[in-house]
Amino acid sequence: MKFAIATVATLALFGLVSLGFDASAVRVFLGITPPLDVPYVGTRSAMVDAMLDMAEVGASDHVIDLGTGDGRILIAAARDRGASGLGVDLDPTLIDSAAAEAAKLGLSDHLTFREQDLFETPLHEADVVTMFLLPSVNLRLRPRLLEQLRPGTRVVSNRFKMGDWRPDEVRRASGYPAYLWIVPAQIAGSWQLNFEGRSIPVELQQTFQQVDGTALINGEASAISPVLKGDRLRFSIDLADGKRVFEGVVQGDRLLPTDGAEWIARRQAE
């Protein structure tokens with residue numbers, strides 16, 4: 001009896017696929033796979049290459065692919081660039097296929113494929129996150145990306161944006177856009193900039209990687225336009241003796257110089 005049911009289910013699967021139905025959707029319909037937030041659509045090879053190029057994936061990177069499908073993005077990252085990675089998906093058939101392909105190519109030591117909900121996947125270890133989901137899913141993911149990923153982590157999405165989080169780069173491949181975001185450090189607040197015996201209060205406001213601010217110089221507020229990329233911040237201040245440029249790295253509540261200059265900025269407790 002069980003064999004007959006399995007046979008009927010298999011024939012139904014092949015029949016529906018032959019009529020043009022998405023295989024992952026058919027597996028959901030037949031109860032083989034749990035309901036999915038996103039139907040599986042394979043990423044074209046030109047788009048895979050564009051996404052990995054945008055994120056500058058290299059051998060030292062750990063890539064987490066959310067909704068990995070057959071694992072083609074991770075497999076390309078490991079095969080062509082030496083990266084390691086984790087791919088998660090709720091479709092066990094696709095996960096098995098991805099793991100088998102990785103094993104065939106000798107990449108099992110670099111890659112792990114796991115049947116797992118992407119919303120329950122820890123992201124802290126990622127250097128790069130890749131995804132081909134939907135706009136609504138991207139928006140649901142956005143808080144986890146910003147909370148769990150280190151500043152400077154690269155996030156790449158095939159086709160779909162992240163609401164009002166403006167991408168840092170957009171490219172097109174195979175007729176579709178790819179979007180790159182670099183996770184920004186959280187730098188909003190009141191800072192005290194100290195250099196050459198001077199102490200200047202600096203106030204910063206932040207919306208994702210967009211930063212505006214003011215510096216209080218001799219009791220007068222002067223607008224500044226900082227540029228934030230990951231954990232790197234650059235800004236200039238017009239002083240009586242000329243313009244000074246400050247380039248630094250954000251380390252928690254400290255901003256330390258990366259340009260060899262002697263200065264430091266500290267965020268003040270609220």
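Every number here is computed from the coordinates shown, using simple stated rules; none is lab data. Everything numeric in this text was worked out from a predicted model, so none of it was measured. With ideal geometry, Cβ positions are generated from the backbone for all residues, glycine too; neighbour counts draw on all protein chains shown.
One table, with the values for the structure above:
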{"read-out": "Ellipticity estimate at 222 nm from DSSP helix runs (n ≥ 4, -39,500 (n - 2.57)) divided over the chain, nearest 500", "value": "-8000 deg cm²/dmol"}
{"read-out": "Reported label for calculated volume of the Cα convex hull per residue in Å³ given (1) 152; (2) 118; (3) 177", "value": "(1)"}
{"read-out": "Region 188-267, dipole about Cα centre (Lys/Arg Cβ +1, Asp/Glu Cβ -1), debye to the nearest 20", "value": "180"}
{"read-out": "For region 82-155: rounded, prolate or oblate by the Cα gyration tensor [a/c cutoff 1.5]", "value": "oblate"}
{"read-out": "For region 74-229, with +1 on Lys and Arg beta carbons and -1 on Asp and Glu, the positive-most of SER190, VAL129, PHE119 along the dipole", "value": "VAL129"}
{"read-out": "Relative contact order (percent, whole number), region 138-270, Cα cutoff 8 Å, 6+ residue spacing", "value": "18"}
{"read-out": "Relative contact order %, the chain, counting alpha carbon pairs below 8 Å whose residues are six or more apart", "value": "11"}
{"read-out": "Lys, Arg +1 and Asp, Glu -1 on Cβ, resulting dipole of the chain about Cα centre, debye, nearest 20", "value": "460"}
